[in-house]
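Notes to accompany the following structure.
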Amino acid sequence: MNLTLIPSGLVMFRFLIAPFLLWDAWDGDTSIWFLVGFTAAFLSDIFDGIIARRLGVSNAKLRQADSWADTCLFSCIFLSAWLGYQDILIAYYLPLLMVIFAQIVWWIVNLIKYGKPASYHTYSAKFWGITLFIAIVALFGFNYAGITLWLTCIAGTIYSIEEIAMTLILPVWTYDVLSIFHALKIRQQQLQTTDISTV
């Protein structure tokens, strides 16, 4: 068995399971397998990067695929929530619109500057992922929104603002930048490299 294929296999798993989660929620109700599948997908998101770094196969292509897999997964989750919990989503439209607007700006800024979405995998993104997991389990498992939904919307907005600032800071597209402080350091290094090459 080629161990170096494990990270890409975990990324592919999220691509494949996302539509099945949506299919499970299509009638407005979900089974226990929805939470089982989502938990497995969430764990795959945690371990794909860890394993890739341990095996020395973490690269831009893999990290971009990781980001697209997350987008696919959580888009299907949101559609599933709309099908089964539309009344709750409408009741919490303000925090949801806040994070959706922040994400739209994030996409626009990255597409204008780089022509493709960022793939930073920041600490704030990881924290948002944890709050998303808690909010989704609370909603689909216990029919609860409240604090968990507010928390994930606030975390998602903060994450988006930080990464928008990072995109404005970094001269060229860069992957795996853990925070805005790391972005500032990388920007300085990139500008120094550019200055040296022009001498």
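The values are calculated or read from the model by the stated rules, or taken from the named source; none is laboratory data. What you see is a predicted model, and the numbers here were worked out from it, not measured in a lab. Counting neighbours? That spans all protein chains shown, and the Cβs are built from the backbone with ideal geometry, glycine included. With ligands, DNA and RNA removed, areas are computed over all heavy atoms of the protein, side chains included. Shrake-Rupley method; radii C 1.70, N 1.55, O 1.52, S 1.80 Å.
Could you tell me whether the range 77-90 includes any residue that is under 21 Å from ILE158 (Cα atoms) and of a type in the set (S, T, N, Q)? No, the range 77-90 contains no residue that is under 21 Å from ILE158 (Cα atoms) and of a type in the set (S, T, N, Q). As a summary of the residue check, ILE161 satisfies the conditions (1) in a helix (DSSP H, G or I); (2) among the β-branched types (Val, Ile, Thr); (3) open to solvent by less than 40 Å² (accessible area, probe 1.4 Å); (4) free of Cβ contacts under 8 Å to residues at least 60 places away in the same chain except for the one numbered (3). Inside the range 8-31, residues that are of a type in the set (Val, Ile, Thr) and modelled with pLDDT under 95 make up a count of 2. Scanning the range 97-129 for residues that are out of contact with any Gly (no Cβ under 6 Å at 6 or more places or on another chain), hydrophobic (A, V, I, L, M, F, W, C) and either touching a residue at least 12 places away in the same chain (Cβ under 8 Å) or open to solvent by less than 30 Å² (accessible area, probe 1.4 Å) (or both) turns up MET98, ALA102, VAL105, TRP106, VAL109, ALA118, ALA125, PHE127.
Out of THR174, THR148, I need the residue that is within 28 Å of ALA52 (Cα to Cα), in contact with a helix residue (DSSP H, G or I) (Cβ under 9 Å, 6 or more places away or on another chain) and surrounded by 14 or more Cβ atoms within 10 Å (Cβ to Cβ). Which one?
Working: THR148 fails: within 28 Å of ALA52 (Cα to Cα).
Within the list THR174, THR148, the selection yields THR174.
Just checking, which of LEU79, LEU94, LEU89 is assigned to a helix (DSSP H, G or I), open to solvent by 70 Å² or more (accessible area, probe 1.4 Å), free of Cβ contacts under 8 Å to residues at least 12 places away in the same chain and not polar (S, T, N, Q)? It would help to see each step written out before you state the result.
Values: LEU79 fails: free of Cβ contacts under 8 Å to residues at least 12 places away in the same chain; LEU89 fails: open to solvent by 70 Å² or more (accessible area, probe 1.4 Å).
Only one candidate passes the filter, namely LEU94.
The selection criterion, being in a helix (DSSP H, G or I), closer than 19 Å to SER75 by Cα, in contact with a Phe, Trp or Tyr (Cβ under 9 Å, 6 or more places away or on another chain) and among the hydrophobic types (A, V, I, L, M, F, W, C), does not hold for LEU151.
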